[in-house]
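In what follows, a structure is listed as structure tokens, so that the remarks can point back to it.
The values are calculated or read from the model by the stated rules, or taken from the named source; none is laboratory data. This is a predicted model, so every value here is computed, not measured. Neighbour counts run over all protein chains shown; Cβ positions are idealised from the backbone, glycine included.
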Amino acid sequence: MAIRRPRRKFGPSQNDRIFLACLPDSGTAARIHESALDLKEKRGFTARLILPEHLHVTLFHLGDWHAIPEDVVRLAKDAAEQVTVAPFEVTFTRAESFRNRTGIYPFVLTGDAAQWHALHSLLAAALKKVGLGAATQGDFRPHITLVYDEVRAKSAAIDAVGWIVQDFVLIHSRLGKTTHHHLARWPLNG
């Protein structure tokens, strides 16, 4: 049984989020965004969609911080450099709102976790090895968040969308500022 990570509470002192993620290529991101526009209208969402260049699948959340934690960034880079995986295909076949207690629901595309197993498990082992094992706690459910909205939508099948994962990225996000800075990128070449 997987251990669940306690819910994170964000305060005004937490400005910087660090995470490892996979991004769709720009053509796929544009297609996902077009689909999101259609789903937004059909489901009655009123909030702004996630920008196409920010669409991603989070592999591991490394924390929210007052300032960029250089030691965590260095350790994450050390871990990522240990991972050797071949490029692989992923597909997302459903759309749904995730539950939470805030009343603002992430509406996401979901896919099969088995497609991500090799990358996720090797990266988890590397993070544990360098001392960032706390980031590996909890279940991994691959998803792409399209919008955060007060409207909650049930799970439904969608026209499949996917791409070949070629790399993964260490991202610094300024919380509440709609900015992502790519700190490092690792090609898949196993």
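Considering every residue within segment 145-165, establish whether at least one is β-branched (Val, Ile, Thr), at pLDDT 95 or above and touching a Cys at 6+ places or on another chain (Cβ under 6 Å). Yes, segment 145-165 has at least one match.
Annotation note: Cβ proximity below 9 Å between a residue of segment 65-77 that is modelled with pLDDT under 95 and a residue that is assigned to a helix (DSSP H, G or I) (sequence gap 6+ or interchain) occurs for Trp65/Val72. For segment 157-178, residues that are part of a strand (DSSP E or B) and among the hydroxyl-bearing types (Ser, Thr, Tyr) total 1.
Inside segment 112-147, residues that are small (Gly, Ala, Ser) and within 20 Å of Leu55 (Cα to Cα) make up a count of 1.
Against the conditions (1) free of Cβ contacts under 8 Å to residues at least 40 places away in the same chain; (2) under 25 Å from Leu175 (Cα atoms); (3) of a type in the set (A, V, I, L, M, F, W, C); (4) loosely packed, with under 13 Cβ neighbours inside 10 Å, where does Val108 fall short? Just the number, please. The one condition Val108 does not meet is (4). Residues of segment 98-120 being closer than 25 Å to Thr179 by Cβ and either assigned to a strand (DSSP E or B) or under 16 Å from the mean Cα position of the chain (by Cα) (or both), which ones? Across segment 98-120, the qualifying residues are Phe98, Tyr105, Pro106, Phe107, Val108, Leu109.
When Asn15 is tested against the conditions (1) at pLDDT below 95; (2) surrounded by fewer than 16 Cβ atoms within 10 Å (Cβ to Cβ), the lone failure is (2).
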